[in-house]
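Participant: Dumping the structure here so I can ask a few things about it.
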Amino acid sequence: MYWLKSQIGKTKITEISAAEQLEQFRNTQEHYVEPSFAPIIAYKEHGAIVHYSATKESDVELKPESFVLADTGGHYLEGTTDITRTIALGSLTQEEKEMYTTVLKGHIQLEMARFLQGCSGQSLDVLARTPLWEKGLDYNHGTGHGVGYLLSVHEGPNSFRYRPSVNGRNDCVFEEGMITSDEPGIYLEGKFGIRLENMIVCQKDMENDYGSFLCFDALTLVPFERSAIIAEELSTKEKEWLNKYHQKVFETIAPYLTEEEAGWLREETQEF
């Protein structure tokens, strides 16, 4: 993200060259094995194509405006990653900000969930979709999938979806230790697409007379786009979650960065 934002408008960057640069960065990391799936780098209207993959024919140059959607992942000896961030490359329209904020609200509401043991993803999917449904919007894919260890990046039986899976194998109840993606989105044909994805781990939360409650904790530590967020549209609880998350991102990641990079990350993770 820092590389993109500092180079955009100065160096020619295309969807394909951005993916190649990201792979170079991953290759410098200890214990990196290979990509966990083919990267999706989708600029502007290409972001509205859910499973877009740039080709030599479709490859476009990134400009210092609007969004680029980056859905990528890697296999490491420590585990497998799958992450999506929709990155602001420059000035944004009011519609882009409104849609980003709406998707973020759904992402946060699912990640903040406290739920009784025995719930499946069908019980929880509505949390991520509600901010979009309230505006008469939706996305035509599941909200989340299980992630394997150096295996399939889409690995059941855990998932978030409001419809039963075809064979019923991905509708299990959540258990402590399960890792699942949280990735609501919105796709406006001919305009742009937004998807925000963290990997989250299911954990024990509390136990009382009503039963055992579970919750989620983020494994993915990457900032969300401050310039794309309409702060007034976030609830107090959502702001508190976002501020706490961004604090954790900075405290965890900053020690690995140069002074200049850490300064950028500090700006990106300021409190709302």
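The values are calculated or read from the model by the stated rules, or taken from the named source; none is laboratory data. What you see is a predicted model; the values in this text were computed from it and never measured. Because the Cβ atoms are built from the backbone with ideal geometry, glycine has one as well, and the counts that use them run over all protein chains shown. Areas reflect the complete protein model, heavy atoms only, side chains present, ligands, DNA and RNA absent. Shrake-Rupley method; radii C 1.70, N 1.55, O 1.52, S 1.80 Å.
Participant: Once you have the Cα-Cα distance between S227 and Y149, take 0.36 nm times their residue separation minus that, and quote the gain in nm to one decimal.
Facilitator: 24.7 nm
Participant: Per DSSP helix of 4 or more residues, -39500 (n - 2.57); summed, then divided by the residues of the chain. What does that give at 222 nm, rounded to the nearest 500?
Facilitator: -9000 deg cm²/dmol
Participant: Something else about it: Give the relative contact order (percent, whole number) for segment 74-184; include only Cα pairs under 8 Å separated by 6+ residues.
Facilitator: That works out to 30 percent.
Participant: Now for a different question. Counting alpha carbon pairs within less than 8 Å and at least 6 residues apart, what relative contact order, in whole percent, applies to segment 1-92?
Facilitator: Averaging sequence separation for qualifying contacts and normalising by length gives 32 percent for segment 1-92.
Participant: Just need the Rg to Rh number for segment 162-252, please, alpha carbons only, Kirkwood Rh.
Facilitator: Computed over Cα atoms, the ratio is 1.02.
Participant: Kindly write out, for segment 238-249 in residue order, the coupling ³J(HN,Hα) from the Karplus curve 6.51 cos²θ - 1.76 cosθ + 1.60 (θ = phi - 60°), rounded to whole Hz, with x marking Gly and Pro.
Facilitator: Each residue's phi maps through the Karplus curve to give 5, 5, 4, 4, 5, 5, 5, 5, 5, 4, 5, 4 Hz.
Participant: Using Cα positions and a limit of under 25 Å, work out the lysines in reach of K239, with same-chain residues fewer than 8 apart set aside.
Facilitator: Hits, sequence-local ones excluded: K5, K97, K105, K135, K204, K248.
Participant: Sticking with this one: So for segment 86-125, considering every pair of alpha-carbon atoms, how many percent are separated by more than 17 Å?
Facilitator: 47
Participant: Within segment 1-26, find all residues whose amide N lies under 13 Å from a label point positioned 7 Å from the Cα of E61 along Cα-to-beta-carbon.
Facilitator: 8-15
Participant: Restricted to Cα positions, what overall size does segment 58-166 have along the principal axes? Three whole-Å values, descending.
Facilitator: On the principal axes, segment 58-166 reaches 46, 40, 26 Å in Cα extent.
Participant: In units of 2.2 N^0.38 Å, what is the alpha-carbon radius of gyration of the chain?
Facilitator: 0.98
Participant: Please give the Cα centre distance for segment 1-70 versus segment 176-218, rounded to the nearest Å.
Facilitator: Centre-to-centre distance over Cα atoms comes out at 25 Å.
Participant: First check a/c for segment 137-214, with a ≥ b ≥ c the square roots of the eigenvalues of its C-alpha gyration tensor; if it is under 1.5, answer rounded, and if not, answer prolate when a/b is larger than b/c or oblate otherwise.
Facilitator: prolate
Participant: Over the chain, calculate the relative contact order: mean separation of alpha carbon pairs under 8 Å at least 6 apart, over the residue count, as a percent.
Facilitator: 18
Participant: L221's amide H: which non-local residues (gap 5+, or another chain) put their own amide H closer than 5 Å, with H modeled 1.01 Å from N in plane and none for Pro or chain starts?
Facilitator: none
Participant: What is the distance, in nm, between label points placed 7 Å from the Cα along the Cα-to-Cβ direction at N243 and at Y2?
Facilitator: Placing both labels 7 Å along Cα→Cβ, they lie 2.5 nm apart.
Participant: Let me ask another. Could you rank the peptides 189-198, 245-254, 98-107, 24-33 by their average count of other C-beta atoms within 10 Å per residue, with the highest value first?
Facilitator: With the highest mean Cβ count within 10 Å placed first, the list reads 98-107, 189-198, 245-254, 24-33.
Participant: Given Cβ point charges of +1 (Lys, Arg) and -1 (Asp, Glu) and nothing else, what value in debye, to the nearest 20, does the dipole of the chain about its Cα centre take?
Facilitator: For this selection, approximately 380 debye.
Participant: At a 1.4 Å probe radius, carbon and sulfur cover how many percent of the accessible area of segment 1-144?
Facilitator: 51
Participant: Step through the residues of segment 51-57 one at a time and calculate ³J(HN,Hα) from phi using the Karplus curve (6.51 cos²θ - 1.76 cosθ + 1.60, θ = phi - 60°), rounding each to whole Hz and writing x for Gly and Pro.
Facilitator: 10, 4, 9, 5, 10, 4, 6
Participant: Then there's this: Scan around I13 for amide H atoms under 5 Å from its own, H built in the peptide plane at 1.01 Å from N, and keep only partners 5 or more places away or cross-chain.
Facilitator: Excluding prolines and chain starts, which carry no amide H, the hits are L62.
Participant: Once Lys and Arg get +1 and Asp and Glu get -1 on their Cβ, which of A19, G79, S58 lies farthest toward the positive end of the dipole of the chain?
Facilitator: S58
Participant: Could you tell me, in Å, what Rg and Dmax come out for the Cα atoms of segment 1-125?
Facilitator: Considering segment 1-125 through its Cα atoms, Rg and Dmax are 16.7, 53 Å.
Participant: Quick query: amide H of S212 versus all other amide H atoms, modeled in the peptide plane; which residues come in under 5 Å with a sequence gap of 5 or more or a different chain?
Facilitator: Answer set, sorted by chain and number: Q117.
Participant: Now for a different question. Rounded to the nearest 0.05, what FRET efficiency do H31 and W133 give with R0 = 45 Å and r taken as the Cβ-Cβ distance? Could you check?
Facilitator: 0.65
Participant: Order of 83-89, 206-212 by packing, highest average Cβ count within 10 Å first?
Facilitator: Ranking the peptides 83-89, 206-212 by packing returns 83-89, 206-212.
Participant: Could you give the accessible area per residue of the chain, probe 1.4 Å, as a whole number in Å²?
Facilitator: Ligands and nucleic acids excluded, the figure is 49 Å² per residue.
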